[in-house]
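No value in this document is a laboratory result; all are computed from the given coordinates. Here the structure is a predicted model, which means the values were calculated and not measured. Quick reminder, even Gly has a Cβ in these numbers, built from the backbone with ideal geometry, and neighbours come from all protein chains shown.
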Amino acid sequence: MKALTIAGTNLRRMFRDRTSLFFVFVLPLMLILVLGAAFGGPSTPKIGVVGVDSGHFLDALRADRGFRVDTVAREGDLLAAVERGELAAGLVVPPSLSGEVRLVVRQDGAGEQARLLVAAVIAAENGRLASGEFVARVAGTDTADAMSIVDSVAAVTPVVSVSTSSTGDALFPADLGRFSLGASSQLLLFMFLTTMNSSVALIESRRLGMSRRMVATPTSTATIMLGEGLGRVAVALVQGVFIIAGTSLLFGVRWGDPPAAAALTLAFALVAGGAGMLLGSLFRTEQQAGGFGVLTALGLAALGGCMVPLELFGGVMRDVALFTPHAWANQGFAEVASRSGTLPGVLPELGVLSGYAAVLFALGAWRLRAVLTR
Amino acid sequence: MTTDTPEVLSCKGLRKRFDDVTAVDDVSFTIAAGETYGLLGPNGAGKTTIISMVAGILRPDAGDVLVEGVPVSTRTTEPKGRIGYVPQELAVYPDLTGRENLTFFARLQGLSRVAAARRVAHVLGVVGLTDRADDRAEHYSGGMRRRLHIGMGLLHEPILLVLDEPTAGVDPQSRNAIMDNIRELAHSGLAILYTTHYMEEAERLCDRVGVIDAGRLVAEGTRRELVALLGERDRISLSVDGDLGHAEDVARLVPAVLGVAARGRGLELLVHDARQCLPAVLSALAEEDVRVRAVEVDEPNLETVFLHLTGRALRG
Ligand SMILES: Nc1ncnc2c1ncn2[C@@H]1O[C@H](COP(=O)(O)OP(=O)(O)O)[C@@H](O)[C@H]1O
Ligand SMILES: [Mg+2]
C-alpha cells in the first residue's frame, strides 16, 4: 500500500539522521536516568563517625534504620564528605565518650534528621552512663561491672514504644521504582516534541518539490496525506515503544498493565501525529515550523504536568492543564502505573485523546490538501 | 504541424491567476507521439504554471488537459501514470541513496516490489548512475543529482515526458549529456514537453516551439515556421566594449533598426536588410564612443523571433 511506502520512507529518513537519533533515542533515556538519580525514590542517607569504631554508642546509632553509619579515619575527611553531600552528618566522638561530642550537619532535611537522631542517642547514652555511675556508687563495684549490670537490667525492662502510621495519599508511591518518577512525563514530552520536529520534514518535502512530485504520480492526495500522517505517528510510536522498553529493561521502570499502557501510547502518538501534520501544513519555512513546534511542545508539556507533576498544580492551573492532551495522558499513565489501572480504568483518558487526534488529523488533512494542490 | 499520429497531449484554453497576476492566459497546444515540443519564454512567462497544470498538480481556473483523450486534474490519478514529470527544482531526497529515491517513486507509480527493482536498475543505467546507486544523493555532484532527478520521471515508462527547465544550473558538460539523453528518449517514441529560456536548447531539441510571454502563447511552429514570421529580415550581432545599456539606447535610435536586445557582452539587432543599415548603426555607435569589436550578420534565430514578437530580449 502506497501510504505505507510514504510512512516507511519517513521513518527511514529519520533513522538516517544522527542528530535526530540522539534526540529521539539517547536524550530521553539520559534524562530519565538523571532525573531518577536526582529526585527518584529514597536512598539511605549516611552519618560518618570519627573517634570510635565499636561500642554501645555506635550500636545505638546503628539501630536506627533511617541512616547508615560509617566510621571515618580522619576528621578532615569527615568534614569534606559532609561538605560534598556524601554524608548527611559527621560526628566527632572524643575517646571514651567523655567531654564534648561535635556534630556537623548539612543544611537539609537529612541533616536535620541526623541531628535529632544523634541528640536522642546521646540523651539515652547519658542516661545509661548516669545509671552506671549510680550503681557503682550504691553497690561499690567498679564502673565496668556497674555498666554490665545496667545493660542487663535495661535488656529486660519493659519500655514504652511508639508505633507510627501515616494518612493521606503519598505524593509519589513509595513502591514506584527509583526511575519511574517522571518517566511517563518524559515519554509524553519527547513523543510530542519529536513528532512536532519531524513534521518539519513535511515542509522540507514541499520545499524540495517532493510533494509536487508525489501528487504527479497516480497517487490520490488522500493516500499521500494518510501516508504522511502515518509517518508522523510511526515516528512517535517508535520512540514511545523504545522509551518504554528501554526504561523498563535498563532502569526497572514499571509502566503497569501492558494493554492499557500500549493503548495510551498509541492514542498519544495519534494526537502528536495529528498535531505534527497540522504544523507541517500551516507554516511555509522549516525554521518557523521548527521554532513554533518546539515552543508548543515544551509549553504543552509544562502545562500538562510533564515538568512539574499535576498533583502540585493549583486549582486554576489544574483546570487549564485539562486542555492539554499531555495532562490526560499523564493522568492515564499515573492510573496505570501507580494505581494498577487497566484498560477500563483509562477509557475516559483514551476517549479524550482520540478526540484530540481526530480533530487534529482532520484540520491537518484539510490544510495539507490545500497546500499540496493550491 | 499536420500529422497522422494521434495527439498524446492536448491543452485547451488553460488559464491560471495568482491573486493579481495572470500567470497563464488562454494557452492551447497539442503534442503528438514522438514529438518534442518546447515552451520557450523568459523567467516569469508562465512556463512552470503551464507544466504544473499539465502534470495535474495545479488546478486551472479554466481549460482542460487531456492525455490520450483522458482528462488530467489534481483529483485524477489514473492518467498520471502516463506522464513522467520532472519539476524545475531538484526534487530528490538528499539523505536517501539514488536507488532509494528511485524505488520510492517507482512504488508510488504503482509498480510491484519486483517490477520496481527491475525498472530502477534499468533507469540507473539510462542516467548513468549504476556505479553510484547506493551512495546518498547528497554526495552526488550537481550533474549527477540532475540526472537522478530526471530518471525519477522515467520509472513507469510514461508516454509523455514533461521536463521543466531540466538544464537549469548545470555545467555545460552535464547539460550536453542531459540533452543527448532527452534526444534518445524522443527517438524511442516518447512525446516530450520541454520548457526553457535558452533559445539554443529549443532550437537543438524541439520539433516545434511555443513562444510564451506574459502568460500568452504568442507564436507556435517549427523553427523554420517561426523564423518565417519575421519575413525578409536579418540579425546583426555586435560585440561592444563599455556601457552596454548606453550602446543599446544608441542603436535603438537608428531608424532602420526594428529591435535591440542586450545579450552577454554584446547587442542583437533585428533589421530589414543588414547590408543597407549596418553603416548607419556603426557610425551612430562610433559617434557616441562605443567601441565595436566584432560584427556578425546572420539569419534570424528564435531569439530574434522573440525580440520581434515582444520587443524584448529572451534574457539579459
Ligand atoms: N504560487 C504562486 N503564487 C503567486 N504567483 C505565482 C505563483 N507561481 C507563479 N506565480 C507567478 O506567475 C507568473 C508565472 O510564473 P512561472 O510559471 O513560474 O514562470 P516561468 O516558469 O516561466 O518562469 C510569475 O509572475 C510568477 O510570479
Ligand atoms: Mg519556471
For this session: Please give the average number of partner chain Cβ atoms lying within 10 Å of the Cβ of each residue in B:102-109, rounded to a whole number.
Result: 6
Exercise. If you count the DSSP beta bridges with both ends in the protein assembly as shown, what percent of them are antiparallel, to the nearest 5?
Worked result: 60
Seminar exercise, completed: Rounded to the nearest whole number, the Stokes-Einstein translational diffusion coefficient of region A:46-156 at 37 °C and 0.692 mPa s (Kirkwood radius, C-alpha pairs) in µm²/s is 221
Seminar exercise, completed: Under a Gaussian network model of chain B whose springs join Cα atoms within less than 10 Å, the largest fluctuation of B:Asp19, B:Asp61, B:Asp249 belongs to B:Asp19
Exercise. Taking A:Lys2 as the anchor, which lysines have their alpha carbon closer than 19 Å to its alpha carbon, excluding any fewer than eight residues away along the same chain?
Worked result: B:Lys80
Problem set entry | Length-normalised contact order for region B:7-228 - Cα pairs under 8 Å, 6+ apart - percent | 30
For this session: Taking only Cα atoms and a 10 Å spring cutoff, compute GNM fluctuations for chain A and point out the largest among A:Ala154, A:Ala260, A:Ala301.
Result: A:Ala154
For this session: From other protein chains only, count the Cβ atoms within 10 Å of every residue's Cβ in B:94-100, then give the mean.
Result: 3
Seminar exercise, completed: Note on chain A: helices (DSSP H) long enough, at least 27 Å by alpha carbon along their axis, and hydrophobic enough, mean Kyte-Doolittle at least 1.0, are A:221-250, A:258-282, A:347-373
Exercise. Given springs between every Cα pair under 10 Å in a Gaussian network model of chain A, which of A:Gly229, A:Gly66, A:Gly276 has the largest fluctuation?
Worked result: A:Gly66
Problem set entry | Low-density loop cleavage sites - GluC sites (Glu not before Pro) in region B:249-313, where at most 15 other Cβ are within 10 Å (DSSP) | B:Glu288
For this session: Convert 10 °C to kelvin, take the viscosity as 1.306 mPa s, use the Kirkwood radius over C-alpha pairs of chain B as Rh, and evaluate the Stokes-Einstein diffusion coefficient in µm²/s, rounded to a whole number.
Result: 75
For this session: Working from the alpha-carbon coordinates of region A:172-290, get Rg over Rh, Rh being the Kirkwood radius.
Result: 1.10
For this session: Show which lysines lie in cross-link reach of B:Lys16 when reach means a straight Cα distance below 17 angstrom and same-chain residues fewer than eight apart are skipped.
Result: B:Lys47
For this session: Arrange the peptides A:237-244, A:329-336 so that the one whose residues have, on average, the most other Cβ atoms within 10 Å appears first.
Result: A:329-336, A:237-244
Problem set entry | Mean Cβ count within 10 Å, highest first, over the residues of peptides B:207-215, A:5-13 | B:207-215, A:5-13
